[in-house]
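**Q** Okay, here's the structure, questions in a sec.
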Amino acid sequence: MPTLAATEPPDATDARRVAALTLTDLMGQAQALQQAGQPAAAAALYRQWLDACPQAAMRQVALFNLGTLLSTLQREPEAEAAYREALQLQPGFAHAMLNLGHVLERRGACDEALQQWRAVIDGGAAPELRVHAWNNQGRLLETLRRYPEAEACLRESLLLDACQPDVIQHYVHLRQKQCEWPVYQPVGEVTPNQMLVGTSMLAMMSASDDPALQLLAAQRFVHEKLPKPPAVALHTLMPPRNGRIRVGYLSGDLHTHAVGLLTAELLELHDRSKFEVWGFCWTPESNQPQRRRLLAALDHHVRLAGVDDETAAKLIAQAGIDVLVDLQGLTSGARPAILGWRPAPVQVSYLGLPGTSGLPGVDWILADRYVMPPELVPYCTERPIYLPHCYQVSDRQREVAARPERSTYGLPEGAFVFCSFNNNFKFTPEMFRAWMRILRQVDGSVLWLLADNDTARENMQREADQAGVARERLVFAPRVPPAEYLARFQLADLVLDTFPYNAGTTASDALWMGVPILTRSGRTYISRMAGSLLTAVGLPDLITESLEEYERQAVRLGREPARVASYKRYLTEHGRSSPLFDLPLLVRDIEAEFERLALAHR
């Protein structure tokens, strides 16, 4: 049998030997090159064989394998050409169509990618390939915010194969984003247990106030998605630490994102006589003012984009970080495997995931005694670092546009304006129906909501119809830049919080702008966030603990605008000087705890 060295690509003198290879021999030798860490050599071998054997049988298989290698090497135009040539030889080659769709998606040709995957389905491919194609379509359509089409694709996939936890996860969250209630809609052979267990941590925070279910969602992710942590913590292999305490912030959200908007002044106010501030991030580069401000607040910035998790962890350990603060948890785009390497002796969860992460590399979570009462601690894998005033930092440098007119946003003059600018996936049927009952009892009032997507808007309007509330009493606000978003809070009378996923950044924004928020506190960290902020700002009487109390209080306030005006006056006169917005105090509280923990490990 002809052979070829597996350590270097073939040259012209090997042409005859390459041409003599059978397809099976070719694939075996290319595989050997790949296993030797030489994918470029494997691609060169395929290319030489294809050039030498233009009439070979099963040539399309070699072209497909070449395309796969070229994609791995990020030589996308060549990969696309290889897949297209394979499809010329075998037009119904489903595997090539699937992979070509991925290449097209990566170069932004989304409609062409969808067409390739649709062709796999329409061409009667094997069930497992049709599942793959449905899932690809659903994922891309969700990214394109074509939610109804995405949901339909995922339903078809689950009808073919009910045992797909990742697909169930997206299906549930898609229904939340669209306010498609009930969220847990049966599909094919998917059992109620599969639907519940397949719910992501983020979706579970909106769906349930049960801390055990939130812990289950986090631990399932860790068990299924993350590698087993190494036996030896990386930080123990580094030289002893000395000098100023090095605090590292780990995130892909250091830009105009809820976390990036909250943390800018925290980074700026760290006491440089005691602390060095490092940022380890994979945030997409941009010229956003918020991005520039965040980077300017760091003493050292290390880019982790394109760096694998082990290398990223080594960079953190080599920097001598004493306290690593994870600002992302299990949220979209997070890289929790970095923390599993334990690159720092103290690893803390903060802000990005308002609840337990279940991550074995995260030992602590910043909290206060309201947001994380003792009865919640058994349901968290992290230990609480209790701050004395409030867990949440914010930003006193927020830019605010000029106050707009109510007419700018279609709000009626003289009406009582209830407001909720939370993302639509946080809305639940229980809370939305309570809002409709509140509107019915407060004459002429309106509910001002974020217009997140057309399907959610239509579904909320349909709920209003069923509740006997005129559709025009739901006023939908478009997304606007941060400065305009803050300014328009001044047009609202009372913010109605969501439950069980409370407002966090949104609650801080409302209170900063002098608008009271009525919240309902529950059993989980995330359902107690707004209550923590209200306690720190000095308005604990706006905290309720049941749906009935929440509804009763909202109606009372809607009928007594003078009482709401007194809350606004209090916030105007005292809110910004309260502990909630005393950023120097909050930063000193955080630093005291970080210093204590860091020095204990030196």
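**Q** Can you go through 105, 85 and tell me which one is closer than 23 Å to residue 137 by Cβ, of a type in the set (D, E, K, R), at pLDDT 95 or above and surrounded by 14 or more Cβ atoms within 10 Å (Cβ to Cβ)?
**A** From the options 105, 85, the qualifying one is 105.
**Q** Give segment 526-571 a look and list any residue that's within 21 Å of residue 368 (Cβ to Cβ), open to solvent by 70 Å² or more (accessible area, probe 1.4 Å) and touching a residue at least 12 places away in the same chain (Cβ under 8 Å), or say none.
**A** The one that is within 21 Å of residue 368 (Cβ to Cβ), open to solvent by 70 Å² or more (accessible area, probe 1.4 Å) and touching a residue at least 12 places away in the same chain (Cβ under 8 Å): 545.
**Q** Turning to a different aspect of this structure: From the list 354, 378, pick out the single residue that is crowded, with 20+ Cβ neighbours inside 10 Å and either outside any loop (DSSP other than H, G, I, E, B) or in contact with a Gly (Cβ under 7 Å, 6 or more places away or on another chain) (or both).
**A** Result: 354 is the single residue among 354, 378 that is crowded, with 20+ Cβ neighbours inside 10 Å and either outside any loop (DSSP other than H, G, I, E, B) or in contact with a Gly (Cβ under 7 Å, 6 or more places away or on another chain) (or both).
**Q** Across segment 220-260, which residue is surrounded by the fewest Cβ atoms within 10 Å (Cβ to Cβ) among those that are farther than 30 Å from residue 168 by Cβ and touching a Ser or Thr at 6+ places or on another chain (Cβ under 6 Å)?
**A** The selected residue is 255.
**Q** Here's something else I'd like to know. So residue 186 fits all but one of (1) in a loop (DSSP other than H, G, I, E, B); (2) open to solvent by 60 Å² or more (accessible area, probe 1.4 Å); (3) modelled with pLDDT of 95 or more; what number is the exception?
**A** (3)
**Q** Residue 138 fails exactly one of the following numbered conditions: (1) surrounded by 22 or more Cβ atoms within 10 Å (Cβ to Cβ); (2) more than 21 Å from residue 425 (Cα to Cα); (3) of a type in the set (Gly, Ala, Ser). What is the number of that condition?
**A** Single failed check for residue 138: (2).
**Q** Let me ask you something else. When both residues are 6+ apart or on different chains and their Cβ atoms are under 6 Å apart, which pairs have a first residue that lies in segment 175-188 and is more than 16 Å from residue 423 (Cα to Cα), and a second that is open to solvent by 50 Å² or more (accessible area, probe 1.4 Å) and not in a loop (DSSP other than H, G, I, E, B)?
**A** 187/155; 188/159
**Q** Looking only at segment 114-128, count how many residues are crowded, with 18+ Cβ neighbours inside 10 Å and farther than 15 Å from residue 140 by Cα.
**A** 4
**Q** Do you know which residues across segment 20-31 are assigned to a loop (DSSP other than H, G, I, E, B) and either open to solvent by less than 40 Å² (accessible area, probe 1.4 Å) or in contact with a strand residue (DSSP E or B) (Cβ under 8 Å, 6 or more places away or on another chain) (or both)?
**A** Passing the criteria: only 21.
**Q** Might you check whether a residue that is farther than 20 Å from residue 78 by Cβ, modelled with pLDDT under 90 and either loosely packed, with under 14 Cβ neighbours inside 10 Å or of a type in the set (Ser, Thr, Tyr) (or both) occurs anywhere in segment 32-42?
**A** No: segment 32-42 contains no residue that is farther than 20 Å from residue 78 by Cβ, modelled with pLDDT under 90 and either loosely packed, with under 14 Cβ neighbours inside 10 Å or of a type in the set (Ser, Thr, Tyr) (or both).
**Q** Does residue 523 satisfy being in contact with a helix residue (DSSP H, G or I) (Cβ under 8 Å, 6 or more places away or on another chain), basic (Lys, Arg), surrounded by fewer than 23 Cβ atoms within 10 Å (Cβ to Cβ) and closer than 29 Å to residue 381 by Cα?
**A** Judged against the criteria, residue 523 is a match.
**Q** Considering only residues of segment 399-428 that are in a loop (DSSP other than H, G, I, E, B) and β-branched (Val, Ile, Thr), which is most open to solvent (accessible area, probe 1.4 Å)?
**A** Filtering segment 399-428 for residues that are in a loop (DSSP other than H, G, I, E, B) and β-branched (Val, Ile, Thr), the one most open to solvent (accessible area, probe 1.4 Å) comes out as 400.
**Q** Can you find even one residue in segment 189-201 that is buried (at least 23 other Cβ atoms within 10 Å of the Cβ) and part of a helix (DSSP H, G or I)?
**A** yes
**Q** Could you list all residues from segment 429-452 that are open to solvent by 20 Å² or more (accessible area, probe 1.4 Å), closer than 23 Å to residue 147 by Cα and either among the hydrophobic types (A, V, I, L, M, F, W, C) or outside any helix (DSSP H, G or I) (or both)?
**A** 451, 452
**Q** To continue, here is another question. Being assigned to a helix (DSSP H, G or I) and either open to solvent by less than 10 Å² (accessible area, probe 1.4 Å) or within 17 Å of residue 244 (Cα to Cα) (or both) is the filter here, so list the residues in segment 322-348 that pass it.
**A** Answer for segment 322-348, where residues must be assigned to a helix (DSSP H, G or I) and either open to solvent by less than 10 Å² (accessible area, probe 1.4 Å) or within 17 Å of residue 244 (Cα to Cα) (or both): 338, 339.
**Q** Please indicate, with yes or no, whether at least one residue in segment 205-214 is open to solvent by less than 30 Å² (accessible area, probe 1.4 Å) and either small (Gly, Ala, Ser) or at positive phi (or both).
**A** yes
**Q** Right, here's the next one. I'm checking my understanding of the structure. Among residues of segment 272-289 that are farther than 17 Å from residue 333 by Cα, at pLDDT 95 or above and not aliphatic (A, V, I, L, M), which one is least open to solvent (accessible area, probe 1.4 Å)?
**A** Across segment 272-289, the extreme among qualifying residues is 275.
**Q** Still on this model: Could you look through segment 295-321, keep only residues that are in contact with a Leu (Cβ under 8 Å, 6 or more places away or on another chain) and in a loop (DSSP other than H, G, I, E, B), and pick out the one that is farthest from residue 242 (Cα to Cα)?
**A** Among those residues, the one meeting the criterion is 307.
The rows are residues; the columns are (1) assigned to a helix (DSSP H, G or I); (2) touching a Cys at 6+ places or on another chain (Cβ under 9 Å).
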| position | (1), (2) |
| --- | --- |
| 101 | yes, no |
| 116 | yes, no |
| 121 | yes, no |
| 138 | yes, yes |
| 145 | no, no |
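**Q** Let me ask something else about it. Of all the residues that make up segment 210-254, how many are of a type outside the set (Asp, Glu), assigned to a loop (DSSP other than H, G, I, E, B) and within 21 Å of the chain's Cα centre (by Cα)?
**A** The qualifying residues number 4.
**Q** How many of the residues making up segment 572-593 are free of Cβ contacts under 8 Å to residues at least 60 places away in the same chain and surrounded by 17 or more Cβ atoms within 10 Å (Cβ to Cβ)?
**A** 1
**Q** Another question, if that's okay. With the condition kept exactly as written, say whether any residue in segment 494-502 is outside any loop (DSSP other than H, G, I, E, B), more than 27 Å from the chain's Cα centre (by Cα) and surrounded by 19 or more Cβ atoms within 10 Å (Cβ to Cβ).
**A** Within segment 494-502, one or more residues are outside any loop (DSSP other than H, G, I, E, B), more than 27 Å from the chain's Cα centre (by Cα) and surrounded by 19 or more Cβ atoms within 10 Å (Cβ to Cβ).
**Q** Exactly one condition in (1) under 27 Å from residue 464 (Cβ atoms); (2) surrounded by fewer than 21 Cβ atoms within 10 Å (Cβ to Cβ) is false for residue 162; which is it?
**A** For residue 162, the failing item is (1).
The values are calculated or read from the model by the stated rules, or taken from the named source; none is laboratory data. Here the structure is a predicted model, which means the values were calculated and not measured. Cβ coordinates were reconstructed from backbone atoms using ideal geometry, including for glycine residues, and neighbour counts include every protein chain displayed. The protein model used for the area step is the full one, side chains on, heavy atoms only, and it has no ligands, DNA or RNA in it. Shrake-Rupley method; radii C 1.70, N 1.55, O 1.52, S 1.80 Å.
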